[in-house]
Amino acid sequence: MLILSIETSCDETAIAFLNIEKRERGLFIKPLSNIVSSQIKIHQKYGGVVPKLACRAHTQNIDIVLKSALEEAFGKQKNYQKIFKKIDLISVTNRPGLEIALLIGVNFSRALSWFLEKPIIGVSHIEGHFLSFLLPNVKEKRIFLEKEKKDIFPSLGLIVSGGHTLLISVSEFLKYKIIGQTLDDAAGECFDKGARILGLRYPGGPEIAKLAEEFRKIKKKKNYSLNLPRPMINSQDFNFSFSGLKTALLYTYQKLTKKEKKKMKKYLAYELEEAITDVLAKKTFEAIKKYSFKSLVLGGGVSANKRLREKILERQKDFPNLKIFFPQFQYSLDNALMIALAGFFNYYNKKDRNKFKWNEIKVFANKIF
Ligand code: KG4
Ligand code: ZN
């Protein structure tokens with residue numbers, strides 16, 4: 001099956017082609033192209049995503065991104081009529097996300113589906129993040145055996161991004177139930193807002209991680225007694241709260257003199273990363289302790305954080321039978337291949353193909369699954 005997928009839920013215009021074949025041994029998953037046009041430069045001076053600007057950039061770029069995805073997958077051609085005929089499914093993110101941003105990708109996909117007379121499916125961005133661990137590099141193959149599912153599920157998903165912080169119980173393949181979530185800011189949002197307080201660029205996660213790493217190398221930890229809180233780390237549920245952490249950082253930083261600010265910046269970046277990752281790792285393993293999950297799957301932009309990955313792996317020694325899956329670093333971040341994968345699995349084996357028509361696809365800005 002050849003799948004064309006489109007993702008515009010936030011500040012990346014992403015389009016991919018993915019080929020999946022059913023063979024005797026299992027499913028052959030082969031990404032053909034993966035184009036991500038980031039709007040970071042546009043939003044950087046505002047310190048976060050400005051919906052109207054995101055929407056304008058998606059509109060201006062979407063056809064150019066499609067052309068790049070076609071070229072990467074099939075080489076430069078005069079026209080792609082023959083390729084368009086071969087497409088078996090169009091998969092588009094229709095939830096959750098910024099409504100006006102989602103609408104650009106969804107309407108573009110609906111038009112393609114109608115014009116090319118191809119089935120279309122609307123999928124959850126969060127489900128895409130969960131499934132990202134299955135993706136190999138572009139032009140490489142991965143075989144997904146039916147029996148692998150038995151080793152993976154029931155699984156716990158930790159999806160951490162700029163908009164969401166979710167603990168999800170996945171009792172079986174494609175069956176999701178949220179068991180915990182943030183009550184205010186998302187983990188990625190805390191990295192972004194924390195970076196802004198410290199005068200660093202958007203997106204904040206990689207910037208904070210870089211300074212934290214530099215601090216670890218100089219190891220002057222002993223000289224600093226300022227600690228940031230680990231909100232809700234001992235609460236008896238699986239929910240999170242990060243807005244108090246951001247405020248604590250703000251008040252701490254505001255009280256410092258100009259000289260102290262300069263001296264303490266790396267330390268505070270380190271402390272912020274430690275605080276966020278401490279809470280995420282602790283709560284994740286509390287959930288693992290409570291339920292009998294066979295695996296833990298991480299996804300979303302914050303799952304690219306090396307310190308988080310380290311802390312998760314450190315705790316694995318207490319659960320020797322637990323399998324842990326991370327996406328490849330480039331697939332932690334928003335991309336359209338994960339949307340192709342989610343579309344494929346939800347379409348595949350469905351009997352009622354009438355539902356997959358262009359005029360059935362709607363946008364749900366706040367619906368997670
Ligand atoms: O999944 P994603 O690309 O977009 C959303 O769905 O929101 O996640 C973006 C978020 C941003 O908040 C960004 O700061 C964070 O992921 N992020 C990181 C790292 N790389 C990206 N956070 C911590 N460490 C990183 N290395
Ligand atoms: Zn995302």
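Summary table
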item: Residue order, fewest to most surrounding Cβ atoms within 10 angstrom, among PHE28, PHE108; result: PHE28, PHE108
item: Relative contact order %, the chain, counting alpha carbon pairs below 8 Å whose residues are six or more apart; result: 25
item: Neighbour-count ranking [beta-carbon atoms within 10 angstrom, fewest first] of TRP358, TRP114; result: TRP114, TRP358
item: Dipole magnitude of the chain about its Cα centre (Cβ charges: Lys, Arg +1; Asp, Glu -1), debye to nearest 20; result: 800
item: Calculated from backbone phi, Karplus (6.51, -1.76, 1.60) coupling profile of the stretch 300-306 in Hz, x at Gly/Pro; result: x, x, 6, 6, 7, 5, 5
item: Given charges at Cβ of Lys, Arg, Asp, Glu: the stretch 180-291 dipole, positive-most of GLN254, LEU280, LEU183; result: GLN254
item: Size of charge dipole - the stretch 55-180 - debye, nearest 20, with Cβ of Lys, Arg +1 and Asp, Glu -1, no other charges; result: 340
item: Angle between the chain longest axis and helix 51-74 axis [Cα atoms, degrees, rounded to 10]; result: 50
item: Sites PHE84 and LYS261 - FRET efficiency at Förster radius 41 Å, r taken between beta-carbons, to 0.05; result: 0.15
item: Debye-sum result for the stretch 275-369 in log10 I(q)/I(0), which assumes one identical scatterer on each alpha carbon, at q = 0.15, 0.22 Å⁻¹; result: -0.78, -1.16
item: Compactness index (Cα Rg / 2.2 N^0.38 Å), the chain; result: 1.02
item: Per-residue Cβ neighbour rank within 10 angstrom, fewest leading, LEU89, LEU2; result: LEU2, LEU89
item: Farthest toward positive dipole pole in the stretch 18-165 [+1 Lys/Arg, -1 Asp/Glu at C-beta], among ILE121, SER91, VAL138; result: VAL138
item: Low-density loop positions, chymotrypsin sites (Phe, Trp or Tyr not before Pro), the stretch 267-331 - DSSP coil, at most 13 other Cβ in 10 Å; result: TYR291
item: Normalised alpha carbon radius of gyration of the stretch 280-334 [divisor 2.2 N^0.38 Å]; result: 1.10
item: The chain: angle of helix 243-254 to the longest principal axis, Cα-based, in degrees nearest 10; result: 50
item: Between helix 258-290 and the chain: long-axis angle, C-alpha atoms, 0 to 90°, nearest 10; result: 60
item: Check: the stretch 254-369 dipole with +1 on Lys, Arg Cβ and -1 on Asp, Glu Cβ, in debye; result: 280
item: Under 5 Å, built H, 5+ apart or other chain: amide partners of LYS323; result: SER295, LEU296
item: LYS147-GLU172 pseudo-label distance in nm [points 7 Å out on the Cα-to-Cβ vector]; result: 2.0
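Each reported figure results from applying straightforward, stated rules to the coordinates on display, with no laboratory input. All figures in this text were calculated on a predicted structure; none of them were measured in a lab. When we count neighbours, we look across all protein chains shown, and the Cβ atoms used for this are built from the backbone with ideal geometry, even at glycine.
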